[in-house]
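Asks: Please find one structure pasted underneath; my questions will follow.
The values are calculated or read from the model by the stated rules, or taken from the named source; none is laboratory data. The model shown is predicted, which means the values in this text are computed figures rather than measured ones. FYI the Cβ positions are ideal-geometry reconstructions off the backbone, even for glycines, and counts take in every protein chain you see. Note: accessible area is taken over every heavy atom of the protein model, side chains too, but ligands, DNA and RNA are not part of it. Shrake-Rupley method; radii C 1.70, N 1.55, O 1.52, S 1.80 Å.
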Amino acid sequence: MAAPRPLQGKRVIELSQFIAGPTAAQLLADFGAEVIKIEAPPGDGSRGLPGTAFGSVYTRSFNTSKESVVIDTRQEADRAKLFDLIGHADALVCNLAPGALRRLELDAASICRRFPRLIATLVSGYGQQDDRTCMDTIAQCESGFAWLNGAEGGSPRISTSWPADFFSGLYAALSTAMALAETNRTEGCIIDISMMEVAAAMLLGPAALLVSEGGTPAPGTGNRDRASAPSGIYPCQDGYVYIYGGLDPYWAKLKAVVGGSDAPAGERLARAEEFDRQVSAWTSQHSREAVLSVMNELAIPAGSVRDPMKAVEMIRNLREGAVSRRLASGEHVPSFPALFDGERINRSPAPTLGGSRRAD
């Protein structure tokens, strides 16, 4: 079957920048929606971030298959144009701060009054009732994830891959698509996405339930798994590997190879550092390939720690069209990472500032 396009015929106005909002609108475009990205005269703030000769890699990663329209909301005529675009749209995706939305008269109450049939998805740090500005790294810290993700010495660590933004974008896209898919809906809907709640659901996960039920998560464990031992990253002669050896069936096989001690799961977890040393003493004597070969024979989950250059090459070799699609100009367009009966969604390159949807 061809890649599904259930949102074909739906028009989405995107009033957002950087990652969370653009990711949500990009996913809607992937499944057929016409997405019009509204940009201030300087453009989405991500346009000024690093890239290549083809422009910011940030803008081009999260804005495929869209049209760009420049609107200066400080100008009355432009505000009228924005309202006209929204008035002829099926959905709005926005990640401006709640205070900024009120100044634009695009807060939830104003939207319901002015656009009663609109599906409006509003992404913010703390919810539409809170004016504080937020960004991914703040959400990681405020939500408890940076503490949970801390190094073994207790120093908090943030992830460099913007998980709060990406997961918020995914929830925003899914929620918007589901609202648009409700065929008997006759009224609009305000979808209020809080990055804090998304972080609790997706980044804390089991820790959120543990805390809710009176438990206390252990401090940061670095690369060591929180729930099983020994499981983590171990040195080899030519780099590092990750071995998930802490579950009882895996340790029963791994301990014979590494000369490890016999101990129940709870004790191994309490003495995780000691058991990590047992594994490291063995892996450090061998190459990554040799270690992974043994793990494969024993059916113990393991993988090589790769740098991005080698990782991208490996992923490209798994399936045709993975990672990105190269255009004749040399520019790359990020690939949709799922196949539909072997076929990928065909993304068009991110638009230039104020430009129409680009063809290949």
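Asks: One residue is enough: does segment 264-271 have a residue meeting the conditions over 34 Å from the mean Cα position of the chain (by Cα), of a type outside the set (D, E, K, R) and under 27 Å from Gly150 (Cβ atoms)? It would help to see each step written out before you state the result.
Replies: Taking segment 264-271 as the starting set, the residues that turn out to be over 34 Å from the mean Cα position of the chain (by Cα) are 264, 267.
Filter once more, keeping what is of a type outside the set (D, E, K, R): 264.
If we keep only those that are under 27 Å from Gly150 (Cβ atoms) as well, we get 264.
Yes, segment 264-271 contains a residue that is over 34 Å from the mean Cα position of the chain (by Cα), of a type outside the set (D, E, K, R) and under 27 Å from Gly150 (Cβ atoms).
Asks: To continue, here is another question. If I filter segment 255-280 down to residues being touching a helix residue (DSSP H, G or I) at 6+ places or on another chain (Cβ under 7 Å) and surrounded by 14 or more Cβ atoms within 10 Å (Cβ to Cβ), which single residue comes out as farthest from Tyr234 (Cα to Cα)?
Replies: Filtering first and then ranking leaves Ala265.
Asks: To continue, here is another question. Taking Val333 and the conditions (1) more than 20 Å from the chain's Cα centre (by Cα); (2) assigned to a strand (DSSP E or B); (3) not acidic (Asp, Glu), which numbered condition does it fall short on, given that it satisfies the others?
Replies: Result: Val333 passes all but (1).
Asks: Working carefully through the options Ile36, Ile86, find the one that is open to solvent by less than 30 Å² (accessible area, probe 1.4 Å), part of a strand (DSSP E or B) and not polar (S, T, N, Q).
Replies: Ile36
Asks: Give the residues of segment 111-165 that are among the hydroxyl-bearing types (Ser, Thr, Tyr) and farther than 20 Å from Ile13 by Cα, sorted by residue number.
Replies: Tyr126, Thr133, Thr137, Ser143, Ser155, Ser159, Thr160, Ser161
Asks: Could you list, in sequence order, all residues of segment 316-342 that are of a type in the set (D, E, K, R) and exposed (fewer than 14 other Cβ atoms within 10 Å of the Cβ)?
Replies: Arg319, Glu320, Arg326, Asp341, listed by residue number.
Asks: Now for a separate question. Scanning for something in contact (Cβ under 8 Å) with a residue 40 or more places away in the chain, of a type in the set (D, E, K, R), under 23 Å from Ala91 (Cβ atoms) and part of a loop (DSSP other than H, G, I, E, B), does segment 115-129 turn up at least one residue? Before you say what the answer is, go through the steps one by one.
Replies: Within segment 115-129, the first condition is being in contact (Cβ under 8 Å) with a residue 40 or more places away in the chain, and the residues that meet it are 115-128.
If we keep only those that are of a type in the set (D, E, K, R) as well, we get 117.
Next, only the ones that are under 23 Å from Ala91 (Cβ atoms) stay: 117.
Those left that are additionally part of a loop (DSSP other than H, G, I, E, B): 117.
Yes, there is a match, as at least one residue in segment 115-129 is in contact (Cβ under 8 Å) with a residue 40 or more places away in the chain, of a type in the set (D, E, K, R), under 23 Å from Ala91 (Cβ atoms) and part of a loop (DSSP other than H, G, I, E, B).
Asks: Taking segment 92-112 on its own, how many of its residues are touching a Gly at 6+ places or on another chain (Cβ under 9 Å), within 26 Å of Ser356 (Cα to Cα) and not in a loop (DSSP other than H, G, I, E, B)?
Replies: 2
Asks: Regarding segment 293-315, can at least one residue be identified that is part of a helix (DSSP H, G or I), in contact with a strand residue (DSSP E or B) (Cβ under 8 Å, 6 or more places away or on another chain), open to solvent by 60 Å² or more (accessible area, probe 1.4 Å) and over 14 Å from Asp225 (Cα atoms)? Explain how you work it out, then say what you get.
Replies: Step one: list which residues in segment 293-315 are part of a helix (DSSP H, G or I), which gives 293-298, 308-315.
Pick out the ones that are also in contact with a strand residue (DSSP E or B) (Cβ under 8 Å, 6 or more places away or on another chain) and you get 295-296.
Within this subset, residues satisfying the condition of being open to solvent by 60 Å² or more (accessible area, probe 1.4 Å) are 296.
If we keep only those that are over 14 Å from Asp225 (Cα atoms) as well, we get 296.
There is at least one residue in segment 293-315 that is part of a helix (DSSP H, G or I), in contact with a strand residue (DSSP E or B) (Cβ under 8 Å, 6 or more places away or on another chain), open to solvent by 60 Å² or more (accessible area, probe 1.4 Å) and over 14 Å from Asp225 (Cα atoms).
Asks: Under the condition of being over 30 Å from Thr183 (Cα atoms) and among the β-branched types (Val, Ile, Thr), which residue from segment 105-152 is most open to solvent (accessible area, probe 1.4 Å)? Lay out the reasoning, then the answer.
Replies: Our first condition is that a residue be over 30 Å from Thr183 (Cα atoms); within segment 105-152, this holds for 125-126, 130-152.
Cutting the leftovers down to among the β-branched types (Val, Ile, Thr) gives us 133, 137-138.
Details: Thr133: 106, Thr137: 46, Ile138: 62 Å².
Once the filter is applied, the top-ranked residue is Thr133.
Asks: Something else now. Counting only residues that are over 22 Å from the mean Cα position of the chain (by Cα) and in contact (Cβ under 8 Å) with a residue 24 or more places away in the chain, which one in segment 181-210 is most open to solvent (accessible area, probe 1.4 Å)?
Replies: Glu187
Asks: Right, Arg74: without any contact (Cβ under 8 Å) to a residue 12 or more places away in the chain and outside any helix (DSSP H, G or I) or not?
Replies: Judged against the criteria, Arg74 is a match.
Asks: A further question follows. Quick one: in segment 216-254, of everything that is part of a helix (DSSP H, G or I) and charged (D, E, K, R), which residue is surrounded by the fewest Cβ atoms within 10 Å (Cβ to Cβ)?
Replies: Among residues in segment 216-254 that are part of a helix (DSSP H, G or I) and charged (D, E, K, R), the one surrounded by the fewest Cβ atoms within 10 Å (Cβ to Cβ) is Asp248.
Asks: Among Arg325, Arg277, Arg358, which is assigned to a helix (DSSP H, G or I) and among the basic types (Lys, Arg)?
Replies: Details: Arg325 fails: assigned to a helix (DSSP H, G or I); Arg358 fails: assigned to a helix (DSSP H, G or I).
Only one candidate passes the filter, namely Arg277.
Asks: Continuing with this model, one more query. Determine which member of the set Ala265, Ala302 is among the hydrophobic types (A, V, I, L, M, F, W, C) and without any contact (Cβ under 8 Å) to a residue 60 or more places away in the chain.
Replies: Ala265
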